[in-house]
Structures are given as C-alpha cells and as structure tokens.
Amino acid sequence: MAARLPLSMLPLAFVLVGQAADGSVTLGATLTGFGSLCACLAAPARGRLLDRQELRRALQIDSLVAAGVFALLLVVLQFDLPTALLFVLSVGGGWSIAGMMSGLRALLVVAVPAEQLRRSHFVESLLTELCYGLGPILVGVLGLLGGAKLVLLVMFAIQASAALSLRRIGTFAPRRVSRTKLLGRRDVRRLTALTFFVSLGYGTLESNVPQRMGEFGLSTEVGGWFLGILAAGSCIGGMLASIRPTSARYPRLVAAVLALAFAVLIIPSALARTAPLYGFTLVISTLAFVPIVGLLAAEFESRLGVAQRGEGFAYFVTALTLGGAVGYLGNGLLIGPLAASTMPWLAAALFGVVGAMLLASCAPPSRRRPMRTAATTGPQS
C-alpha cells in the first residue's frame, strides 16, 4: 500500500504542480501524460532488468528513486526553477513506476505462502484499486490544506517508508533467464491482449462518468464523487473475490462468465436518468472488474515460474495501463459524434464480445466426419 499510494496520487499531483509552476493545469496534464507514456514504454525493459537483479533490493531502489523525484519536484517549486526540469523528473518517475508496478506482483512469490499465492493476486488487485480510489481524495485534501508542496512532501514520506518496509520481505535472487521474450509465447500474448481489452472497457466506462453529469444538471466537478462510487463498486467486488477467489479449474470459462456479467451490469448505468439512480447503478456496474483482473494476474502467475516474473508482470501492467489510456482517448474522440449516454453501451458491447469469444473458445473442437466418396471402402474411422 505504501508503494502504491503515491503512484495513484501522482496524476492529480502533477496537475497541481503544473498549476503552481505556471498557473495553468495544462502543464500538469501534459506532465501526467508524458510520465505515463514513459512508464508504459519502459515497462518491458524494466521487467527484464528486474529479472536479472535481486528483486527486493531493486524495488527498494525504485522506491527511493520515486521518493527522490517527489523531493526534487518540491525543490523546483520552492526555488521557482525552469519548468523544463519537471519533464526531466517525470522521466525518472516513469522509470521507477515501471519497475514497481510489475515488481511488487513478482515479489509476492516470497511474500506469501505458496498455497496462498493465487489468492494473493486477487488481494493485490483489490489493494491497487483501493489505492487508486484513495489517492486522488488524499491529494484533494492535502491540496486544500497546503497546496502542491504539501502533497509532494507527503508523497515523499510515504514512498520512503515503502523502501524501508520492503526490508521485512524475503530476498529473491535472480534466476537464469531465457533469452526468448515471453511475448513470443502464444498464451502470454493472448493473456496480454485480454488484459488490454478488459482495461479498455473499464477505461471507457470510467472516463465517461464526468461527461454524464450534464444529463443530471450537475457540474463536471461533481463527477469526482461519482468516480469514487465507481471505485467503491470495484472494491466491493474485490473484497468478495479476495475472500473467495474464483475457481482455478476452468479459468477460461470463469473469465467468460465474468466478462458477460460485466456487460450486463453496465447496462443499468446507461439507462439511468436521475443522479441518485446513476450513483446506485455505478456501484453494481464494476463489481466484476477486480475479480477478472485478479483472475488474469493469477493466470499470468501460473505461466511465469520464477525466472521471468518481472518481464511477465510488466506485460500485464502495461496492458492494463494502455487499455485504460486508450479508453480515455476513445471517449474524448467519440463524445462529439455520440451522446455521453452512448459510451456505456459501447463498453458493455466490448465486454459482451470478449465474453462471447472466451465462451466459444471453451467449446470442445468439433469432430469432422470424413466425406464418403465412391472410392471409399471399408468402415469409416
């Protein structure tokens, strides 16, 4: 939690930093996008690098680098240094984030008993979602109390405490790593693609929430509260999945059921015509999100072994990040030609297609009987 929380605070914190630096939120939004892009591009390389190091120590270094970035951002604001330095620091932040997001999941193999390893990925997915719900709220409160500088100071303290707390986790020495990239395997490619489309659907739904406020006579700023409701639904589903994880026997069938359930649960939010009803439907619309993300992470886990964990979870995290980003981008591009209330239908259709394809792949291959011809003699096999 201590390592994740500052990362979830960073997007809104960058907005406040940009506003404090030049009086405009545009700079902050650009910094957020630039840092996220750097993290996505660096993730596979960072994952492979983690596999060649002692993992716990590498994550401690990443946490200290991130804490250093937050401290230097504070220095830039304090002494009114050139804003170009903010972009340089966002690169360093993206590099450290790319390592931590995948490395923390990879380190679970020594942090929990073997019989709890699969379940731990559902708990990890829940904690990640919880952080991304609490992070922006914490930034908002700290921003009101002391502005961007207080936000950065608290982020520095939390991230530094994460580096210290990692000392209590067991070490994980590097293994002999194959030169073959994991993405060359068909099963890993399929899981990565599935993770991307799940995140794409969620990103489409999430980015649509502030756009729906006009339908209910509310200002766009109120959308932040409704986003909190959306995250609450994800956390409720995550708690249920953490207490009782989905079955490991038929993962493809379970994923199909969860994707189809996601599609169905989104529909009421598209039909809502009042703000209270919309808030209620948002709670139920994302109940399946953390369970399906936890399932995908557990399926990655079952294929990675001990040698290429950093690289494997880097693909998982990158697919989640890119999927959400494309969902936000698509919403921004389509909201002109389409009404805001149309976007949940698109998200539901996406999950419906994914679920249907998974369900179809569960069916046993049909046995085709050979055609009889005049030359055919004897019994047919």
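Compared with the alpha-carbon gap, the fully stretched path from ARG189 to PHE216 is longer by 5.6 nm at 0.36 nm per residue. Projecting the Cα positions of ALA20, VAL141, ILE236 onto the charge dipole of the chain (unit charges on Cβ atoms of Lys, Arg, Asp and Glu, taken about the Cα centre) puts ILE236 furthest along the positive direction. Taking only the Cα atoms of region 1-165, the ratio Rg/Rh comes out at 0.98, with Rh defined as the Kirkwood radius.
Calculated on the alpha-carbon coordinates, the convex hull of the chain measures out at 182 cubic angstrom per residue.
Angle of helix 343-362 to the longest C-alpha principal axis of the chain, folded into 0 to 90 degrees and rounded to 10: 40°.
Measure nothing fancy, just the Cα-based angle from helix 275-285's long axis to the longest principal axis of the chain, in degrees from 0 to 90, nearest 10. Orientation of helix 275-285: about 50 degrees from the principal axis. Here the simple spin-label model places points 7 Å from the Cα toward Cβ, and for ILE61 and THR83 these points are separated by 3.4 nm. Of the residues LEU7, LEU127, LEU74, the one whose Cα sits farthest toward the positive end of the charge dipole of region 1-165, with +1 on the Cβ of Lys and Arg and -1 on the Cβ of Asp and Glu, is LEU127. Extension gain, VAL326 to ALA356, is 8.6 nm, computed as 0.36 nm per intervening residue step minus the present C-alpha separation. Between CYS235, CYS38, CYS362, the GNM of the chain built on Cα springs shorter than 10 angstrom shows CYS362 fluctuating the most. Per-residue ellipticity at 222 nm from helix content only, as computed over the chain with -39500 (n - 2.57) for each DSSP H run of at least four residues, stands at -26000 deg cm²/dmol. ALA272 sits among other residues whose Cβ lies under 13 Å from its own Cβ, and their net charge, with Lys and Arg +1 and Asp and Glu -1, is +1.
Placing +1 on the Cβ of every Lys and Arg and -1 on the Cβ of every Asp and Glu, with nothing else charged, gives region 1-165 a dipole about its Cα centre of roughly 360 debye. Where Rh is the Kirkwood radius over the Cα pairs of region 83-149, the temperature 37 °C and the viscosity 0.692 mPa s, what D in µm²/s does Stokes-Einstein return? It diffuses with D of about 225 µm²/s by this estimate. Which is farthest toward the positive dipole end of the chain among LEU50, ALA298, TYR250, measuring Cα position about the Cα centre, with Cβ charges +1 (Lys, Arg) and -1 (Asp, Glu)? Final value for the positive-end residue is TYR250. Taking Lys and Arg as +1 and Asp and Glu as -1, the other residues whose beta-carbon sits under 12 Å from that of SER63 total +3. Restriction of the trypsin sites (Lys or Arg not before Pro) in region 165-214 to DSSP coil positions whose beta-carbon has at most 15 other beta-carbons within 10 angstrom yields ARG175, ARG176, ARG179, LYS181, ARG185. Equivalent-ellipsoid semi-axes for region 263-367 (Cα gyration tensor, √(5λ), whole Å, largest first): 30, 19, 15.
Each reported figure results from applying straightforward, stated rules to the coordinates on display, with no laboratory input. What you are looking at is a predicted structure, and each value in this text was computed from that prediction instead of being measured. Neighbour counts run over all protein chains shown; Cβ positions are idealised from the backbone, glycine included.
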